[in-house]
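The next block holds one structure in the form of structure tokens; read it before the comments.
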Amino acid sequence: MSEIDQKTTKKDAAAGITVDENEVAFFARIADSWWDPHGPFRPLHILNPTRLGYIREQVESHFGAPKDSTTPYKGLRFLDIGCGGGLVSEPVARLGADMVSVDASEKNIKTASLHAANAGLKIDFRNTTAESLVDLGEQFDVIINMEVVEHVADVDAFLTACAALLKPGGLMLMSTINRTVKAYLFAIIGAEHVLRWLPVGAHDWNKFLKPAELANALKKTGLTHTAPTGFVMNPLTQKWRLDDRDVAVNYAMAARKVV
């Protein structure tokens, strides 16, 4: 990140603006590749089944949704914040969710909207921010917040806005990257520079959050949270699994709004 970019990010954070324009511009440049399983978002395509399994497990547990239903999310209003090309939004919508999906990048929303329309899915895609949704008085049963907090300019302001968007009794599901040496080696050196699974510059290690830091940020908003669950990849099979004992690189956390 250049000195100018650093100053811009600091200014935005000081103003309580959660969108990091440098991050938005970076992902806008590769927005046309969201649905290419062999392109720059290949790691997310591989991770997606594990993310979706975690989401379903948490929603079924929290809301008592029937485990054998083909539409377990029916009757629930979902928000996919920082939805990108809609990799999570589409399968969640197929399971019956009333789906609103937003992203700060207009190019991401155009890509996501076109792909969903071609698939015959009804998803309310919007080029907007969490703060703007709060201003509109929007409320949701479930917020999906996957791989987003490590890209925002102000984590506290972003999570405060997300908490305001949750209905009482609502559930927010998050995943991000831990700020550890192992995460630097795997997520940046390995994935970006060696294996080229991600474009160089996709992540800034300094913006990664340790689980305790994310937990403290959530506490400030009044939300309660679960213990972190690790997303762990086998580098040989390139398959992911959930592991409560290993949160050294990728991890997920659920937060609840007390009624």
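Quick notes on this one:
- Taking only the Cα atoms of the chain, the radius of gyration and Dmax are 17.1, 53 Å.
- Computed [θ] at 222 nm, helices only, for the chain once each DSSP H run of length n ≥ 4 contributes -39500 (n - 2.57): -10500 deg cm²/dmol
- Taking a ≥ b ≥ c as the square roots of the eigenvalues of the alpha-carbon gyration tensor, segment 40-94 is classed prolate because a/c is 1.5 or more and a/b outweighs b/c.
- Cα gyration tensor shape of segment 63-186, rounded if a/c is under 1.5, else prolate or oblate by comparing a/b with b/c: rounded
- Too-long pairs where the Cα-Cα distance tops 20 Å, listed order kept, from K74/K110; K167/K207; K182/K210; K110/K167; K74/K167; K220/K257: K74/K110; K167/K207; K110/K167
- For a modelled paramagnetic label at R179, 7 Å from Cα along Cα-to-Cβ, the residues of segment 133-168 in reach, with backbone nitrogen under 14 Å, are 149-156.
- Bridges between two residues of the chain, per DSSP, are antiparallel at a rate of about 50%.
- Accessible area per residue was computed with a 1.4 Å probe on protein heavy atoms; Y184 scores about 90 Å².
- Residue with peak Gaussian network fluctuation, the chain [Cα springs, cutoff 10 Å], from A65, A119, A227: A119
- Rounded, prolate or oblate (a/c below 1.5 giving rounded, otherwise prolate when a/b exceeds b/c) for segment 92-140 by Cα gyration tensor: oblate
- Each Cα pair under 8 Å and six or more residues apart adds its sequence gap; the mean of these over the residue count of the chain is a relative contact order of 19 percent.
- Span-rule helices in the chain, defined as complete DSSP H runs reaching 30 Å or more along the axis (Cα) with Kyte mean at least -1.0: 42-63
- In the context of the full set of protein chains, segment 39-84 has a per residue accessible area of 42 Å² (1.4 Å probe).
- Note on the chain: with neighbouring protein chains present and a 1.4 Å probe, carbon and sulfur make up 56 percent of its accessible heavy-atom surface.
- Hits among aspartates and glutamates - C-alpha to C-alpha of K122 under 19 Å, sequence gap 8 or more where chains match: D80, E90, D98, D103, E106, E138, D141
The values are calculated or read from the model by the stated rules, or taken from the named source; none is laboratory data. In this text the structure is predicted, and so the values were computed from the model without any measurement. We place every Cβ from the backbone using ideal geometry, glycine too, and count neighbours over all the protein chains shown. Ligands, DNA and RNA are excluded from the accessible area calculation, which covers all protein heavy atoms including side chains. Shrake-Rupley method; radii C 1.70, N 1.55, O 1.52, S 1.80 Å.
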